[in-house]
Amino acid sequence: MAEIVCNNDFKYCRAKSTNNKQVMKTHTVDFQKVFLSAPSLFLILSTDFTILDLNDSYEKATMKKREEMIGRNLFEVFPDNPDDKLADGVSNLSRSLHAVLKEKKRHVMAVQRYDVQGPDGIFEERYWSPINIPILNANNEMDCIVHRVEDVTEFMTLKNEKFKSENITLDLQKKVDEMEIEIIKRSREIQKLNFELEQKVKERTETLLKREAMLAEQNKKLKEQNKELEQFTYITSHDLQEPLRSLVSFTELLEKEFGGTLDGNGNLYIDFISQSSKRMQALVKGLLDYSRIGRKKQLVEVDCNQIVNEVLSDITLTIAESKAKITVDELPKLKAYSTELRQLFQNLIGNAIKFRKKEVLSEIQIFAREREKDWLFSVQDNSIGIDQKDMHKLFVIFKRLHDRDEYDGTGIGLAHCKKIMDLHCGTIWVDSKLGEGSTFKFTIPKF
């Protein structure tokens, strides 16, 4: 056993053996000597920033005598360089020390330029990495502040000289200098904003927690409403199918039996009824397909090469009639919703063929690129392209960009694609210029 005995000013301590079977030994540690000879730079400040003590390394680095510093205010001993209009070492250090006094917590400062005045009165450019540490007593009151710094001037000088080699032109050197000033200026602004941001974050945390709880409740209600809406859409679309089939069938019978006996207007009316019924039937089928997306959710391992090949096989006649040239790069195997992914490729390839330029053979490229967290797919074509003013309604259901006389369709295909990507937790967008073609891109995460 041993006991620690210290004198009143804590400068010396000794460890005394209390084991009766051993000869009593004492070991004295001169902590003042340890402090003074420490290689790191230490300065001890009072709460009004008066210098109480410093070690030898600090005295050597700052080129000032101990007796010139002890008992004087820190910023009286170390003022800003009057020749540097952007000098802010005093203000930055003062702000940090006041934060330590207020928060009673250590504060690590960014690397600072804080020039030091030499014995000849000339300021030398210096860079420092400071840490300010509070020393609290048993009553949690501030006794003093330990200001510890590292002199990083040599590192910063070497870094700056790297950009000032002989091969750099004068014009480039000027730009580098301007960038350096701007970086220092921005870092000061960031440092100032960090102080303000800490307070704002503290104030807004509780508000954000309340909002998160409210949003969670609203999301729950929204999911329930979406589920009910999808069910309603499915039932409505399904129930409309039968009367529409009857209307189309009887219109065809009417045209077949009485088409030759009716006058011009009669045949025209029958034609209008037939076309409108078939268009309505296509819209209802599209709406029904839209409501079915994701109803049977099951992620499976799929080969995108196989899916695209099956799609191309299904539309062989369309490809042959349009003489489209389709190039498919090697595509990945991944986890996805197989049926929905197939419908996505079918819609995008079908659109690329449908909206081809007149008298220009359609060329379509399909490829994918692996990224850190997902796969990025692209379907690129040389079609008529899309006007920028129409981009906002591209993936909205029933929003057509062209008249039916120009291009047939229901205006549901790209809405299907958007919903399929939502199901996969991915995104879909298009890069396009009118008259120059389009590239539809979509991402599928690595589940």
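The values are calculated or read from the model by the stated rules, or taken from the named source; none is laboratory data. Since this is a predicted model, take the numbers as computed values, not measurements. We place every Cβ from the backbone using ideal geometry, glycine too, and count neighbours over all the protein chains shown.
Suppose we keep only residues that are small (Gly, Ala, Ser) and touching a helix residue (DSSP H, G or I) at 6+ places or on another chain (Cβ under 9 Å) within segment 347-374. Which one would you say is surrounded by the fewest Cβ atoms within 10 Å (Cβ to Cβ)? Ranking the candidates gives GLY350 first. Screening THR205 against (1) closer than 30 Å to ASP88 by Cα; (2) modelled with pLDDT of 75 or more; (3) surrounded by fewer than 13 Cβ atoms within 10 Å (Cβ to Cβ) leaves a single unmet condition, (1).
Quick one: count up the residues across segment 394-447 that are part of a loop (DSSP other than H, G, I, E, B), among the hydroxyl-bearing types (Ser, Thr, Tyr) and at pLDDT 90 or above. Adding up the residues that qualify gives 1. Within segment 47-61, the set of residues being within 44 Å of the chain's Cα centre (by Cα) and closer than 12 Å to VAL146 by Cβ comprises TYR58 only.
For segment 106-128, a residue qualifies if it is farther than 13 Å from ASP84 by Cα and within 38 Å of the chain's Cα centre (by Cα), and the qualifying residues are ARG106, HIS107, VAL108, MET109, ALA110, VAL111, GLN112, TYR127, TRP128. When the residues of segment 63-73 are filtered to those that are surrounded by 14 or more Cβ atoms within 10 Å (Cβ to Cβ) and touching a helix residue (DSSP H, G or I) at 6+ places or on another chain (Cβ under 8 Å), the one that is nearest to VAL34 (Cα to Cα) is ARG66. Does ILE190 satisfy the condition of being closer than 30 Å to LEU86 by Cα, modelled with pLDDT of 80 or more and part of a helix (DSSP H, G or I)? No. Restricting ASN132, ASN73 to those that are among the polar types (S, T, N, Q) and in contact with a Lys or Arg (Cβ under 9 Å, 6 or more places away or on another chain) reduces the list to ASN132.
If you go through segment 323-340 and keep only what is modelled with pLDDT of 90 or more and either under 30 Å from the mean Cα position of the chain (by Cα) or outside any strand (DSSP E or B) (or both), you end up with LYS323, ALA324, ASP329, GLU330, LEU331, PRO332, LYS333, LEU334, LYS335, ALA336.
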